[in-house]
Structure formats: C-alpha cells, structure tokens
Amino acid sequence: MPIKFKVPIFDVKNLDFRVRGLNILTSISLEIFNGEYVAIIGPNGGGKTTLIRLLLGLQTPTKGSIKLYGKKIKNFKEWYKIGYVPQRASLVDENFPATVEDIVKMGRVSKRTFLRAMSKEDKNAVQDAMVKMDILNLKNKMVGTLSGGQRQRVMIARALASNPEILILDEPNTGVDMVSQKNFYALLAKLNKEEKITIVFITHDIGVIADDIGRLFTINQKATICNNPKETLSCEDMSELYGIEAHLIHNHKHEH
Amino acid sequence: MFEIFEYDFMQRAFIAGILIATLASISGTFIVLKRYSLMSETLAHSALVGVAVGLVAGFNPLWMAVIVAIIAAWIIEYLRTEFSLYSDAILSILLSGSLAIAIIIVSLGGAFNNSLFSYLFGSILSVSSEDVVTIMIFGSISLMLLVTFSKELYFIAYDEEVAKTSGIRVKLLNFLLVTVVAIIIALSIRVVGSLLIGALMVIPTVSALQYRVGFLNTILISLFIALFSVVAGMTLSFYFSLPSGATIVLCVIIIFITSLIINKK
C-alpha cells in the first residue's frame with residue numbers, strides 16, 4: 001500500500017490531453033508509489049496507451065503536470081530506473097538482425113558511459129535478466145524465429161537488464177497463447193514480491209491478474225481509481241487521499 | 001597479375017575504394033535498418049549541388065559536396081521530426097529538388113562537361129592524392145563516430161521510442177547518423193558516382209540480412225561484401241576498361257542475388 005509521505009514514482013496532476021480539439025484524457029490525477037502493482041484497464045481508444053506515453057515523455061500533455069521521482073520529465077535523467085515494454089513489443093520485425101542476447105544487451109546501453117565497452121557488471125545484468133525470464137537457452141537464437149511468448153520474455157528481459165525500479169507493460173499479451181500468459185502473470189507477481197519491482201500493467205484482461213494486483217485504474221478519458229480490487233473497500237477514503245473522484249470497483253475476477 | 005598496382009592512380013583508387021566500401025557498408029547497416037535506404041540516393045543528389053557549386057565557383061568540389069550533403073541531411077531530419085510528412089515523400093522531393101538545382105547551376109556556369117560526368121558515374125582515374133587525403137580525414141572521423149555510438153544507433157534502429165524512454169538522446173544521435181551518412185556519401189561520389197553510391201550503401205546490408213545472423217555478424221558480412229565488390233569491380237574495370245562505379249554495383253548485385261538464392265527458405 002502506498003505510504004502517503006513518500007515521493008511517488010509517478011505524480012500526475014490535472015492532466016489533460018487533446019488532439020485537434022478532441023479530448024483524449026481529461027483531468028487525470030494519479031500517483032504510483034514504489035513497490036506497487038497497478039493495473040490500468042479500459043476500453044480500446046480510452047486513452048490507456050496515451051496516458052503511458054505521456055508518463056514516459058513520448059508525448060506532451062495539453063495541460064497539467066507529470067513528475068517522475070519528484071522531477072519534471074524534462075529534468076529527469078535516471079531513465080534506467082524505468083523499464084518500458086510497449087504494446088507492439090512481441091511483434092518485432094522478423095528480419096531485424098538481432099539475437100536474443102543482442103536485444104537484452106540494449107537494456108544496458110543507457111548505463112554505459114561514453115566510449116566504455118560492456119563491463120563485468122553489464123554482462124552480469126544481461127545474464128541475470130535472461131535467467132529471470134528463463135531465456136538463457138535461447139541466447140544465440142534470432143529473435144525473429146521465436147514464438148510470441150518467447151519474444152515477450154525477451155522484451156521484458158531487455159527492460160529488466162537495466163535493473164529498473166519500475167516496469168511498465170502495455171498489453172504485453174498481444175499474440176501470446178494462454179499457457180504463456182498464465183506463466184507470465186505468475187512471473188510478474190514474483191518480480192513484484194521478490195524483486196520489489198513496481199509494476200504497471202495495461203490490459204483489457206483484468207480477470208487473470210486480479211489476485212495479484214494492488215490497485216486498479218480504469219481509464220476512459222477520465223480516470224477512476226480503486227485501491228483494493230479484491231476486497232470491498234471504501235473508495236471514498238481514497239478519493240480524499242488522492243484528490244480524485246473514485247468509484248468502487250468490485251472484484252473483476254468474476255467478470256471474465 | 002599485380003601490374004594493376006604499378007599505376008599510381010590505381011593505388012589511389014584502391015585506397016579510396018577500400019575506405020569507401022568500409023564506410024558505406026557500416027553506415028549503410030544503420031540506414032537500412034531504420035528504413036532510410038532512399039536517403040542515400042537523396043543525399044547523393046544533394047552532394048551534386050555541392051559539386052556543381054565547386055565546379056562553377058572554383059572551390060574543391062569534394063569539400064563542397066560534403067557541406068551541401070550535410071545541410072540536406074539536416075533539412076531531411078528536421079522535416080521528418082517537426083512536420084507530419086511521409087519520410088519517403090520528403091526524400092523524393094529533396095532528391096529531384098537538388099538535382100534540379102545542380103543542373104541549373106552547372107548549366108548557368110557553363111560547366112556541363114566531363115568533370116561533372118565523373119561525379120555522376122564515378123571515375124577511378126580522377127581520384128587525386130588530395131581526394132585520398134580528404135577521404136581519409138573525414139572517413140576516419142565518421143568511422144570513429146559510428147563505432148562509438150553503434151550500440152545506441154542499433155537500439156534506435158530497433159525501437160526509437162523504447163530507446164528514448166531508456167534515456168538515449170535519440171534526436172541528437174539521429175542527426176549525428178544522417179550527418180555521418182552525408183559525409184560518407186559525399187566522399188564516395190568520386191569513386192562510385194552519385195547515381196550509384198546508394199547501391200553500395202544499401203545492397204551489402206540487405207545481402208547480409210539474408211544470412212539471418214546477429215548484429216555484429218551482419219555488419220561484418222556486409223563489410224566483407226562491400227570490400228569484395230569494390231576490389232573485384234575495380235580490378236574488372238581496369239582489365240576490361242569498364243566504368244568503375246557501374247562495375248562495382250554489378251558485382252554487389254551479383255552477391256545479393258547469390259545471397260538470396262543460398263538463403264531461400
């Protein structure tokens with residue numbers, strides 16, 4: 001559970017995003033704290049991906065403020081703390097010349113200082129990330145030849161290689177079979193509990209992960225936040241705490 | 001067999017050719033992966049504007065080609081990032097635009113002669129010692145920049161947005177890449193010619209991609225193909241009195257077709 005006094009990883013206040021007069025997101029305010037497991041759900045076109053892109057500085061909000069670790073995005077430099085796995089991650093270009101190891105190594109690029117080759121620490125981090133995602137045996141395989149589930153693990157290993165404090169995954173299950181999905185959710189829960197990595201997960205399929213997630217945000221132009229999707233909890237309290245209008249959301253497990 | 005090296009001009013041509021093959025194939029890997037293949041054609045035509053200015057105004061055409069190609073590369077990158085235009089359309093517009101400017105400058109200056117043609121189609125006979133020195137200086141700077149930032153450029157080619165969210169200065173490095181490519185193309189037009197340099201940048205990489213190997217090996221195969229084609233092309237052009245640029249391009253295309261056949265699924 002979030003602690004009120006701590007600096008949140010993401011601190012979003014009164015965020016508006018408009019494109020050519022069209023409201024995509026309206027007065028979004030939310031905070032994400034260290035160690036949380038947050039799921040963001042919402043209909044297609046509801047603005048989930050846009051919200052993440054705004055949080056990562058890939059797009060600029062029309063109004064409102066976004067802070068990362070207490071800093072404005074343009075002043076934020078410690079990007080290695082954030083691991084981002086975009087929606088299209090598992091849909092890699094089949095001809096791209098990359099082995100699994102080539103991709104995972106990319107996770108260390110921003111940590112390298114000018115002119116320095118891969119250090120022992122870099123090599124260990126790449127190795128660890130591949131072990132965690134159980135892809136060490138695929139190390140020398142070309143990414144284009146892997147299955148959807150395997151590619152997904154490669155993409156996450158790349159994000160993990162920088163030893164991030166937070167992992168943001170945008171619909172990572174696109175093109176992944178059910179068995180891989182289940183293993184995948186178990187793995188995310190493990191990363192959150194054992195490695196203490198904050199997880200932000202965007203999905204339309206909340207049923208499968210409802211047991212593990214701490215909080216749930218629904219995004220459909222506006223944000224609705226529920227702080228405990230498993231138990232019946234007074235969201236009004238949370239409204240006060242976060243200064244957002246929140247509605248109660250019951251356990252979504254039964255909805256699927 | 002080695003009489004080819006008895007001529008000073010052939011020695012210069014080989015040095016220049018080997019340098020250019022190295023530069024074109026390594027930088028070509030990044031532009032092909034970024035889907036920027038057409039950029040090499042556009043920059044080669046922009047470089048002609050520099051050559052035209054050089055020929056008409058009496059400056060060193062190679063230096064002028066480098067300067068104009070860099071400016072064109074920056075315009076392309078600026079238009080691509082700041083306006084929502086299609087990249088290939090921008091490249092196409094600049095290609096014909098610069099060719100038009102080059103032709104007008106040359107025709108006004110009355111320099112429509114053989115020396116312009118040598119830049120269009122490349123001429124190993126015309127590579128001077130001064131050219132070799134210019135290629136060496138700019139070439140080593142370009143190569144150093146490419147090698148230094150190869151990991152970052154590879155990451156950007158793979159996924160520009162993820163690279164950005166990993167803290168990589170994507171915009172700056174994209175400008176750096178197009179600048180280096182502009183320099184390399186301008187340097188190459190002496191040997192391969194502006195109408196043919198695109199082939200030497202793009203085809204070795206596309207051939208290497210057929211072998212479906214990792215990043216480093218792709219670059220190495222591409223480098224090998226480019227070097228082989230340039231050496232083979234120059235040797236053939238010497239013995240059979242063929243134009244050097246065209247012979248080199250045909251060699252690289254033969255390797256491409258062979259690579260396609262060998263690696264057919």
inquiry  = Can you report the number of residues in segment B:58-76 which are in contact (Cβ under 8 Å) with a residue 24 or more places away in the chain and more than 17 Å from the chain's Cα centre (by Cα)?
reply    = 1
remark   = Here the residues within segment B:50-108 that are under 23 Å from B:S37 (Cβ atoms) and in a loop (DSSP other than H, G, I, E, B) are B:F83, B:S84, B:L85, B:Y86
ask   = When you scan segment A:135-151, how many residues do you find that are more than 14 Å from chain B (Cβ to nearest Cβ) and either under 20 Å from the mean Cα position of the chain (by Cα) or of a type in the set (A, V, I, L, M, F, W, C) (or both)?
value = 5
query = Within the group B:T134, B:T205, B:T179, which residue is within 30 Å of A:I73 (Cα to Cα), in a helix (DSSP H, G or I) and in contact (Cβ under 8 Å) with a residue 60 or more places away in the chain?
reply = B:T179
Matching residues, segment B:198-217, being within 8 Å of another protein chain (Cβ to nearest Cβ) and either buried (at least 24 other Cβ atoms within 10 Å of the Cβ) or farther than 16 Å from A:M142 by Cα (or both) = B:A208
ask   = Quick one: A:S110 ticks every box in (1) surrounded by fewer than 23 Cβ atoms within 10 Å (Cβ to Cβ); (2) within 9 Å of chain B (Cβ to nearest Cβ); (3) in a loop (DSSP other than H, G, I, E, B) bar one, so which box is it?
value = (3)
ask   = Are any residues in segment A:93-107 modelled with pLDDT under 90 and either in a helix (DSSP H, G or I) or more than 8 Å from every other protein chain (Cβ to nearest Cβ) (or both), and if so, which ones?
value = A:D93, A:E94
key: Hey, A:T26 β-branched (V, I, T) and under 15 Å from A:Q87 (Cα atoms) or not   = no
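Can you pull out the residues in segment A:43-90 that are among the small types (G, A, S) and either within 19 Å of A:T198 (Cα to Cα) or within 13 Å of chain B (Cβ to nearest Cβ) (or both)? First the steps, then the outcome.
Pass one, segment A:43-90, residues among the small types (G, A, S): A:45-47, A:57, A:64-65, A:70, A:83, A:89-90.
Across segment A:43-90, the qualifying residues are A:G57, A:G70, A:G83, A:A89, A:S90.
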task = Show the residue pairs that are 6+ apart or on different chains and have beta-carbon atoms under 9 Å apart, the first residue being within segment B:7-25 and under 14 Å from B:M136 (Cα atoms), the second being among the acidic types (D, E).
result = B:R12/B:D131; B:A16/B:D131
request  = Search segment B:241-254 for residues being in a helix (DSSP H, G or I) and touching a residue at least 24 places away in the same chain (Cβ under 8 Å), and hand back the single one that is farthest from B:V127 (Cα to Cα).
outcome  = B:I253
Criterion: in contact (Cβ under 8 Å) with a residue 40 or more places away in the chain and closer than 14 Å to A:I225 by Cα - qualifying residue of A:L30, A:L25, A:L15, A:L56 = A:L30
key: Matching entry among B:F238, B:F224 (being touching a residue at least 40 places away in the same chain (Cβ under 8 Å) and either more than 23 Å from A:P97 (Cα to Cα) or more than 14 Å from chain A (Cβ to nearest Cβ) (or both))   = B:F238
ask   = Does segment B:148-161 contain any residue that is farther than 22 Å from B:L79 by Cα, assigned to a loop (DSSP other than H, G, I, E, B) and touching a Ser or Thr at 6+ places or on another chain (Cβ under 7 Å)?
value = no
request  = List the number of the failed condition for B:L172; all other conditions in (1) assigned to a helix (DSSP H, G or I); (2) within 17 Å of the chain's Cα centre (by Cα); (3) more than 12 Å from chain A (Cβ to nearest Cβ) hold.
outcome  = (2)
request  = Can you work out which of the residues in segment A:179-228 that are touching a strand residue (DSSP E or B) at 6+ places or on another chain (Cβ under 6 Å), more than 30 Å from A:D134 (Cα to Cα) and outside any strand (DSSP E or B) is modelled with the highest pLDDT?
outcome  = A:Q221
task = Counting only residues that are closer than 26 Å to A:K190 by Cβ, modelled with pLDDT under 90 and among the β-branched types (V, I, T), give me the strands (runs of 3 or more DSSP E) lying completely in segment A:1-88 with at least 2 of them.
result = A:37-41
ask   = So A:N124 clears everything in (1) touching a residue at least 40 places away in the same chain (Cβ under 8 Å); (2) more than 18 Å from B:F155 (Cα to Cα) except one condition, right? Which one?
value = (1)
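What residue, of B:L38, B:L55, B:L48, is under 23 Å from B:I225 (Cα atoms) and either surrounded by fewer than 24 Cβ atoms within 10 Å (Cβ to Cβ) or in contact (Cβ under 8 Å) with a residue 24 or more places away in the chain (or both)?
After ruling out the rest, the residue left standing is B:L38.
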key: Residue check, B:I184 on the phi < 0 side of the Ramachandran plot and within 17 Å of the chain's Cα centre (by Cα)   = yes
Options A:N163, A:N137, A:N124; residue that is assigned to a loop (DSSP other than H, G, I, E, B) and either farther than 19 Å from B:L173 by Cβ or of a type outside the set (S, T, N, Q) (or both) = A:N163
task = Scan segment B:122-159 for residues that are crowded, with 16+ Cβ neighbours inside 10 Å and farther than 30 Å from B:G54 by Cα and report the count.
result = 11
request  = Return yes when B:I185 is touching a residue at least 60 places away in the same chain (Cβ under 8 Å) and away from every other protein chain (no Cβ under 14 Å) and no when it is not.
outcome  = yes
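The values are calculated or read from the model by the stated rules, or taken from the named source; none is laboratory data. Remember, it's a predicted structure, so these values are computed and weren't measured experimentally. FYI the Cβ positions are ideal-geometry reconstructions off the backbone, even for glycines, and counts take in every protein chain you see.
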